Amino acid sequence: MSFETPIPGAPPLERVTVMQGQALASGSPSIEYSTVLGSCVATCLYDPEARIGGMNHFLLSEPPANATGTKVDEHYGVYLMELLVNEMLARGARKGNLKAHLYGGANVNRNMMRIGSMNADFAREFLRREGIALLREDLGGTQARRVDFRPASGQVRHRTVEDRFAPPVQPTPRPALARGDVELF
């Protein structure tokens, strides 16, 4: 049966958009998570025995080493990966059964740091360190991706987004250079 084919007698699908900084989990066969990624990474986790799955969407892997304070920033993968696993365990999944798919991590702006690559490396390392099997990945490159995930069945559909449909990356404009005389004291 194809991903597009509705199951006879099944309830209609409710598409839920997973935004940056979110981690959602469900066992409902009527839920489909969806997101669009550039340099961000989405992790789709699935427990085939419990039929529970979830998706997160993180912007950056970890806070900088010199970050201070105790406030948790939900845009970091280090937080959202733990949150996703815990959301699934709270719904009855077992960590030893989890299977993962990773998507995103593109370096969409060639003039910026390779944030997408750093996000992808972080996600792979997290899964390796936690002993979670990585079944499939589509990471890197320069194009945005759209990901649709059905958490109860573990089905994933992903595709690249043409540049003309992807949101433009706007560099921050630099202030104009000052011209004229300067008097130093």
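Data overview
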quantity: Complete set of residues in the stretch 117-136 that are without any contact (Cβ under 8 Å) to a residue 40 or more places away in the chain and in a loop (DSSP other than H, G, I, E, B); calculated: 131
quantity: In the stretch 128-182, the residues that are among the basic types (Lys, Arg), modelled with pLDDT of 90 or more and either in contact with a helix residue (DSSP H, G or I) (Cβ under 8 Å, 6 or more places away or on another chain) or farther than 23 Å from residue 35 by Cα (or both); calculated: 128, 129
quantity: Residues of the stretch 85-116 that turn out to be touching a helix residue (DSSP H, G or I) at 6+ places or on another chain (Cβ under 9 Å), surrounded by 21 or more Cβ atoms within 10 Å (Cβ to Cβ) and assigned to a helix (DSSP H, G or I), as a count; calculated: 2
quantity: Qualifying positions in the stretch 25-38 - surrounded by fewer than 21 Cβ atoms within 10 Å (Cβ to Cβ) and closer than 16 Å to residue 85 by Cβ; calculated: 27
quantity: Selection within the stretch 118-139 - among the small types (Gly, Ala, Ser) and surrounded by 16 or more Cβ atoms within 10 Å (Cβ to Cβ); calculated: 120, 123
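The values are calculated or read from the model by the stated rules, or taken from the named source; none is laboratory data. Treat the numbers as computed from the prediction; the structure is a model and nothing was measured. Counting neighbours? That spans all protein chains shown, and the Cβs are built from the backbone with ideal geometry, glycine included.
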